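> Have a look at this one.
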Amino acid sequence: MSYRIADLFSGAGGMTLGFADQRFGGGFVPVFGVDNDSAAVRTHETNFAGHSILANIEEWISKTEIPAADVVVGGPPCQGFSLLNRGRDGDQRRALWEPYLEVVKSSGAKIFVMENVAELFRSPELVEIRARAKELGFETIASVLNTANFGAPQARKRTIVIGWDTVAVPLGVEMPMETHIDPASRSSSNLPVWKTVRDAISDLPGDAIGVDFGLKPPLDLHFGRTPTEKSQKRYRAVPPGGNRFDLYRNAPELTPDCWIRKTSGGTDLFGRLWWDRPSVTIRTEFFKPEKGRYLHPVEHRPITHREAARLMGFPDDFKFCGSKVEVARQIGNAVPPPFAGAIAKTVRDALDRAALGKNVKKAKAA
């Protein structure tokens, strides 16, 4: 059975891909996606059917008749919830879940999936979101999930809220079942262990190719920066699995003063990814190792855009549009498609059960 999906705050469309692409277990039909990032909207339009709309969601819903959809997914911008912004009272981005829920109701959706940072789970905003959803006739469940447990080669903890119309989906929806497990817990489960950095990127050339728009995937995004001699020396001073503390031990003269003064914390800064673990959370500036553990496991360079896309779970045939910085932002802000696919399966199961129940009732009535 075919179900329609709408993606709000869609970005490049990691969530859409997980729901729509059969490789991830999806099979949903994209109806529309909305985002205010023009490069991300071009990417969404390039990869998916349906309408890709460049708009501010609050302005858009005031001027348009919302198309029908069976499922609405998306992540209202999470900056207002993040630990870095915890002290910013009144951050208006926290309220963008309100127009999100308006679209859920106006589209006639039976189920919605909201994705956000882990900190949302214990925030007052989640209480408000669930209360408003209930007013609209939706029951909800919420949990913090690790994307590595669902086939993404990346440890990324996210709050997932799933809501369902209690009339249309009377049996409810369950959180997705984990498909992979931490190797440390392997003895207690028959599930395959987490996918690793090695699984995701070891087949790519060790050298970054450089920008060449004539190259075909996967080399089209396998480009790097042009490091200074000082940067190259810094990279070489960090051993496998190391970080800024190793830089200081091996080359104190190359270590920024601010790192020398900061003797604790920040263990991922200027760190190397580990071959045999999932990657750390890929963020929008993964090409800057001073921002996190973004050095290649053994090569003396940061990871490339292609490597970051692989670590997010994007297939090589997914086409990104925009400048290097715009594409990096799309990758870092995305929902890992394998994770989205796991959610799509549990949503499809719920919709199928609801449809089967209705058909049984009709048959009995006849």
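> Any idea which of THR255, THR263 is more than 17 Å from the chain's Cα centre (by Cα), more than 30 Å from GLY172 (Cα to Cα) and exposed (fewer than 15 other Cβ atoms within 10 Å of the Cβ)?
The conditions single out THR263.
> Okay, next question. Any chance the range 31-38 includes a residue that's modelled with pLDDT of 95 or more, within 30 Å of LEU356 (Cβ to Cβ) and under 17 Å from the mean Cα position of the chain (by Cα)?
At the first step, the residues of the range 31-38 found to be modelled with pLDDT of 95 or more are 31-38.
Now narrow it down to the ones that are within 30 Å of LEU356 (Cβ to Cβ): 31-33.
So of that shortlist, the ones also under 17 Å from the mean Cα position of the chain (by Cα) come out as 33.
Checked the range 31-38: at least one residue is modelled with pLDDT of 95 or more, within 30 Å of LEU356 (Cβ to Cβ) and under 17 Å from the mean Cα position of the chain (by Cα).
> Select from the range 188-205 the residues that are in contact (Cβ under 8 Å) with a residue 60 or more places away in the chain, part of a loop (DSSP other than H, G, I, E, B) and either more than 14 Å from GLU299 (Cβ to Cβ) or not assigned by TED's automatic domain parsing to the domain that holds ARG277 (or both) and list them in ascending order.
TRP194, LYS195, THR196 - these are the residues of the range 188-205 that are in contact (Cβ under 8 Å) with a residue 60 or more places away in the chain, part of a loop (DSSP other than H, G, I, E, B) and either more than 14 Å from GLU299 (Cβ to Cβ) or not assigned by TED's automatic domain parsing to the domain that holds ARG277 (or both).
> Restricting the search to the range 27-68, which residues are of a type in the set (A, V, I, L, M, F, W, C) and in a loop (DSSP other than H, G, I, E, B)?
PHE28, PHE48, ALA49, ALA55, ILE66, ALA68, listed by residue number.
> Go through PRO240, PRO217 for me and flag whichever is at pLDDT below 95, assigned to a loop (DSSP other than H, G, I, E, B) and farther than 30 Å from LEU136 by Cα.
The conditions single out PRO217.
> Determine whether ASP212 is surrounded by fewer than 12 Cβ atoms within 10 Å (Cβ to Cβ), part of a loop (DSSP other than H, G, I, E, B) and either modelled with pLDDT of 95 or more or within 23 Å of the chain's Cα centre (by Cα) (or both).
no
> Right, another one. Tally time: how many residues in the range 162-177 are aliphatic (A, V, I, L, M), surrounded by 21 or more Cβ atoms within 10 Å (Cβ to Cβ) and out of contact with any Phe, Trp or Tyr (no Cβ under 6 Å at 6 or more places or on another chain)?
So the answer is 2.
> So is ALA208 closer than 29 Å to ASP317 by Cα and in the same structural domain as ARG122 (by TED's automatic domain parsing) or not?
no
> Now for a separate question. Would you check if THR346 is at pLDDT 95 or above and in contact with a Gly (Cβ under 7 Å, 6 or more places away or on another chain)? Steps first, please.
Numbers: at pLDDT 95 or above: yes; in contact with a Gly (Cβ under 7 Å, 6 or more places away or on another chain): no.
The answer is no for THR346.
> Being more than 23 Å from ASP182 (Cβ to Cβ), part of a helix (DSSP H, G or I) and in contact (Cβ under 8 Å) with a residue 12 or more places away in the chain, is that true of even one residue in the range 140-155?
No.
> So in the range 28-49, with the set limited to residues that are small (Gly, Ala, Ser) and touching a Gly at 6+ places or on another chain (Cβ under 7 Å), which one is farthest from ARG329 (Cα to Cα)?
My answer is GLY33.
> So, in the range 164-185, exactly how many residues are within 20 Å of GLY14 (Cβ to Cβ) and not in a loop (DSSP other than H, G, I, E, B)?
0
Yes/no per residue for (1) outside the structural domain of SER106 (by TED's automatic domain parsing); (2) surrounded by 23 or more Cβ atoms within 10 Å (Cβ to Cβ); (3) within 25 Å of THR346 (Cβ to Cβ):
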residue: ALA40; (1), (2), (3): no, yes, no
residue: ILE53; (1), (2), (3): no, no, no
residue: VAL71; (1), (2), (3): no, yes, yes
residue: GLY75; (1), (2), (3): no, yes, yes
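> What number of residues within the range 324-339 satisfy the criterion of being crowded, with 24+ Cβ neighbours inside 10 Å and farther than 16 Å from ASN47 by Cα?
Qualifying residue count, the range 324-339: 2.
> What number of residues within the range 14-31 are without any contact (Cβ under 8 Å) to a residue 40 or more places away in the chain and among the polar types (S, T, N, Q)?
1
> Sticking with this one: If I ask for residues that are surrounded by 19 or more Cβ atoms within 10 Å (Cβ to Cβ) and out of contact with any Cys (no Cβ under 6 Å at 6 or more places or on another chain), which ones from the range 106-117 would you list?
SER107, ALA109, LYS110, ILE111, PHE112, VAL113, MET114, GLU115
> Residue under question is VAL335, and the condition is that it be of a type in the set (A, V, I, L, M, F, W, C) and free of Cβ contacts under 8 Å to residues at least 12 places away in the same chain; does it hold?
In short, no.
The values are calculated or read from the model by the stated rules, or taken from the named source; none is laboratory data. A quick note: this is a predicted structure, and the numbers were derived from the prediction, not measured. Cβ coordinates were reconstructed from backbone atoms using ideal geometry, including for glycine residues, and neighbour counts include every protein chain displayed.
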